[in-house]
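Below is one structure; the comments refer to it alone.
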Amino acid sequence: MKRVYFKIANEFTRTPGPRYIHEGPNSAEQFLKEIFRNRFLKAVENNEIIEVDLDDTAGYATSFLEGTFGELARENSVALVLKHIEILSPKKPWYKEEVMEYINEANEGVIA
C-alpha cells in the first residue's frame, strides 16, 4: 500500500480547537468536514495509508482527537480506519495512544 504523509499543523492549523464548529475555531467538525473526511475516503479509494502527524501544534483537546478519529471510525468502521490511517507523534507519543483508544471505542459508541 502506498503511504501518504499528512501533518495537521501544516494542512489545517497549529492551534486545533474544540469538537464542534459552534464551540470555536479550528474544530474537529470543521477539520473533518472541510479536509480530512474527503482525504480519508480518497485514501480508501486509492488503497493508501495516511500517515497522520500530530506533532508541532499547540496541543489537542481530547474532544478534537475524539471528534476527528472517533467520529471517522463511527462513520466508516474501526477496521477501515485502522487499515488506512497510521498515527505519528514522535514528540508526544501519548497522542497516538489516545487516538487509538478513540478509534477502538467507536465500536462501542463511546464519545469522550
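For the stretch 54-61, state whether one or more residues are open to solvent by 20 Å² or more (accessible area, probe 1.4 Å), part of a helix (DSSP H, G or I) and not β-branched (Val, Ile, Thr). There is no residue in the stretch 54-61 that is open to solvent by 20 Å² or more (accessible area, probe 1.4 Å), part of a helix (DSSP H, G or I) and not β-branched (Val, Ile, Thr). Taking first residues from the stretch 27-53 that are over 19 Å from Val99 (Cα atoms) and partners that are exposed (fewer than 14 other Cβ atoms within 10 Å of the Cβ) and not β-branched (Val, Ile, Thr), the Cβ contacts under 8 Å between residues at least 6 apart in sequence or on separate chains come to Asn46/Lys2; Asn47/Met1; Asn47/Lys2; Glu48/Met1; Glu48/Lys2; Glu48/Arg3; Glu48/Lys42.
In the stretch 76-91, the residues that are hydroxyl-bearing (Ser, Thr, Tyr) form Cβ pairs under 7 Å with partners that are surrounded by 15 or more Cβ atoms within 10 Å (Cβ to Cβ), at six or more places apart or across chains, as follows: Ser89/Leu54; Ser89/Tyr95; Ser89/Lys96.
A quick yes/no check of all residues on (1) in a loop (DSSP other than H, G, I, E, B); (2) surrounded by fewer than 19 Cβ atoms within 10 Å (Cβ to Cβ); (3) at positive phi; (4) modelled with pLDDT of 95 or more:
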position: Arg3; (1), (2), (3), (4): no, yes, no, yes
position: Asn10; (1), (2), (3), (4): no, yes, no, yes
position: Gly17; (1), (2), (3), (4): yes, no, no, yes
position: His22; (1), (2), (3), (4): no, yes, no, yes
position: Pro25; (1), (2), (3), (4): yes, yes, no, yes
position: Leu32; (1), (2), (3), (4): no, no, no, yes
position: Phe36; (1), (2), (3), (4): no, no, no, yes
position: Ala43; (1), (2), (3), (4): no, no, no, yes
position: Ile49; (1), (2), (3), (4): no, yes, no, yes
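I'd like to know if the stretch 102-112 contains one or more residues that are crowded, with 18+ Cβ neighbours inside 10 Å, at pLDDT 95 or above and assigned to a helix (DSSP H, G or I). Taking every residue of the stretch 102-112 in turn, at least one turns out to be crowded, with 18+ Cβ neighbours inside 10 Å, at pLDDT 95 or above and assigned to a helix (DSSP H, G or I).
The values are calculated or read from the model by the stated rules, or taken from the named source; none is laboratory data. Predicted, not measured: the structure shown is a model, and the values here were computed from it. Don't worry about glycine lacking a Cβ; one is built from the backbone with ideal geometry, like all the others, and counts go over all protein chains shown. These accessible areas exclude ligands, DNA and RNA; they are computed on the full protein's heavy atoms, side chains included. Shrake-Rupley method; radii C 1.70, N 1.55, O 1.52, S 1.80 Å.
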